[in-house]
Amino acid sequence: AVSIMLYRYRVSSCHDAIIIQQQYEEIRKINQELQRQVLQDGLTKMHNRRYLEETGRARLLDCWERGGAAAGMMVDIDHFKMYNDRFGHQQGDACLQAVAKILMDYIEEADGCAVRYGGEEFFLCLFDCDEQSAMETANRLCGLVRDQRLIRQDEFGDYVTISIGLYVSGPTDLNTFVERADLALYRAKEAGRNRVSL
């Protein structure tokens, strides 16, 4: 009888340990998914501004501490409000997703950082680069979006285009880094859009 009781106790203890381990694993997976969602934009699946402020900032500091320069690109879909008004929000969302995928695929392949900054604006970082290579990348991105031929056919052109403000620098703070790229974006818009301004 004692042996049977001890056996049942051991079986019960093993069962409880297995259940606790399974619950722990489920909680860990849920926490990982929540962490991913906190740092990701739901519509475009790009990283979000929180990711930029946490992980992006750390990568910039690491680049600058190694003596490298980094490029910040503020990207805007040209005349997006008019596109949204004409085609509707569902088509507008599809346009955002298509442009985001082009930017994300290209920048991540170059080991950079791409985030949806807000609305139709995106912020991209390239690490350990110079002005020439950053300018080439920005112009290439403008071309890739044009080549996608997302139809708009209105007074602003036949296809969706983007404008990019580019800022390349050594050590600075993240706010200045973003603000300078944003100022360059305004210059690109003032110069006619569908272009890069350094």
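In this structure, Q91 does not satisfy being more than 11 Å from D128 (Cα to Cα), of a type outside the set (F, W, Y), assigned to a helix (DSSP H, G or I) and in contact with a Ser or Thr (Cβ under 6 Å, 6 or more places away or on another chain).
Output yes when any residue across the stretch 182-194 is under 21 Å from R57 (Cβ atoms) and free of Cβ contacts under 8 Å to residues at least 24 places away in the same chain, and no when none is.
Looking only at the stretch 182-194, we keep the residues that are under 21 Å from R57 (Cβ atoms), and these are 182-185.
Cutting the leftovers down to free of Cβ contacts under 8 Å to residues at least 24 places away in the same chain gives us 183.
The answer is yes, given that some residue of the stretch 182-194 is under 21 Å from R57 (Cβ atoms) and free of Cβ contacts under 8 Å to residues at least 24 places away in the same chain.
Here M82 does not fit the description of being surrounded by 13 or more Cβ atoms within 10 Å (Cβ to Cβ), aliphatic (A, V, I, L, M) and closer than 20 Å to S197 by Cα. Checking the stretch 171-185 against the condition returns no match, with no residue being within 14 Å of the chain's Cα centre (by Cα), exposed (fewer than 15 other Cβ atoms within 10 Å of the Cβ) and within 22 Å of K81 (Cα to Cα). On the stretch given as the stretch 141-155, residues that are buried (at least 16 other Cβ atoms within 10 Å of the Cβ) and more than 22 Å from the chain's Cα centre (by Cα) total 1. Where strands (runs of 3 or more DSSP E) fall entirely within the stretch 141-192, those with at least 2 residues that are at pLDDT below 95 are at 151-154, 157-159. Taken as a whole, the condition of being of a type in the set (K, R), without any contact (Cβ under 8 Å) to a residue 24 or more places away in the chain and surrounded by fewer than 20 Cβ atoms within 10 Å (Cβ to Cβ) does not apply to R57.
With the structure loaded, tell me whether C125 is modelled with pLDDT of 95 or more, among the hydrophobic types (A, V, I, L, M, F, W, C) and under 12 Å from I77 (Cα atoms) or whether it fails that test. No; evaluated as a whole, the condition is false for this residue. Apart from one condition, Y117 fits all of (1) more than 14 Å from V75 (Cα to Cα); (2) not in a loop (DSSP other than H, G, I, E, B); the exception is (1).
The values are calculated or read from the model by the stated rules, or taken from the named source; none is laboratory data. This structure is a prediction, so every number in the text was calculated from the model and none was measured. Here the Cβ is made from the backbone with ideal geometry for all residues, glycine too, and neighbour counts use every protein chain on show.
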